[in-house]
Amino acid sequence: MIKINFPEEQPALRNRNGTNEIFDQIRKKWLVLTPEEWVRQNIIGFLITGKNVPSPLISIEKELRLGELKKRYDIVIFNRQMIPWMIIECKEMNVALSEKVLDQILRYHISIPAKYLIITNGKYCLGFEKRKSTLEEINEFPGFS
């Protein structure tokens, strides 16, 4: 299990016409505040302030194709050569990091062969590193360089 220390500065929140919203600093827009979106935006803050990931290298909720299926990943981080470096799948806090969640990110990994795979629900975080033809669990969140 990987420990994540969320930054003290939380994402901006507002209430607009009775709807709670959270600001997405990557896409530069307000989004409806859902439990999963809260996790995603806090992970983004952690990546930028805690791991020094440049925001232009972070891609959020883009479509990918798995055969005939259209899916959307949560977060992909690219290295400085614009090669996928990490895939992150976010779930809301009350969703367990189960085999089903791991299977989901493994399917995305077919189309996006990143070195690191992370699944998180904001409370817990599991990480894996691709080493040759296997995935090995890691105990620390990888540093970006």
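The values are calculated or read from the model by the stated rules, or taken from the named source; none is laboratory data. Because the structure is a prediction, the values reported are computed rather than measured. Note that each Cβ is placed from the backbone with ideal geometry, even for glycine, and that neighbours are counted across all protein chains shown.
Here are the criteria: (1) farther than 25 Å from Glu9 by Cα; (2) in contact (Cβ under 8 Å) with a residue 24 or more places away in the chain; (3) among the charged types (D, E, K, R). Tell me which single one Lys130 does not satisfy.
Result: Lys130 fails condition (2) only.
Here's a check for you: in the stretch 24-73, which residue that is of a type in the set (S, T, N, Q) and part of a helix (DSSP H, G or I) is surrounded by the fewest Cβ atoms within 10 Å (Cβ to Cβ)?
Across the stretch 24-73, the extreme among qualifying residues is Ser55.
Residue check: is Met82 at positive phi and among the aliphatic types (A, V, I, L, M)?
yes
Test Ile4 against the criterion of being part of a helix (DSSP H, G or I) and of a type in the set (A, V, I, L, M), and give yes or no.
Answer is no for this residue.
Report the residue count in the stretch 53-75 for those that are modelled with pLDDT of 95 or more and more than 18 Å from Glu37 (Cβ to Cβ).
4
Please count how many residues of the stretch 92-141 are more than 13 Å from the chain's Cα centre (by Cα) and on the phi > 0 side of the Ramachandran plot.
Residues meeting the conditions: 1.
Look at the stretch 74-124 and say how many of its residues are touching a residue at least 60 places away in the same chain (Cβ under 8 Å) and crowded, with 20+ Cβ neighbours inside 10 Å.
The number of residues fulfilling the criteria is 5.
Sort through Glu129, Glu136, Glu89 and tell me the only one that's more than 19 Å from Phe46 (Cβ to Cβ) and part of a strand (DSSP E or B).
Testing whether each residue is more than 19 Å from Phe46 (Cβ to Cβ) and part of a strand (DSSP E or B) leaves just Glu136.
So which pairs qualify, if the first residue must be in the stretch 35-62 and of a type in the set (Val, Ile, Thr), the second must be part of a helix (DSSP H, G or I) and surrounded by fewer than 16 Cβ atoms within 10 Å (Cβ to Cβ), the Cβ gap must be under 6 Å, and the two must be at least 6 apart or on different chains?
Short answer, once both residue conditions are applied: Ile48/Ser55.
Rundown of residues vs (1) under 23 Å from Asn5 (Cβ atoms); (2) modelled with pLDDT under 95, yes/no style:
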site: Ile77; (1), (2): yes, no
site: Met82; (1), (2): no, no
site: Ile88; (1), (2): yes, no
site: Ser111; (1), (2): no, yes
site: Leu117; (1), (2): yes, no
site: Gly127; (1), (2): yes, no
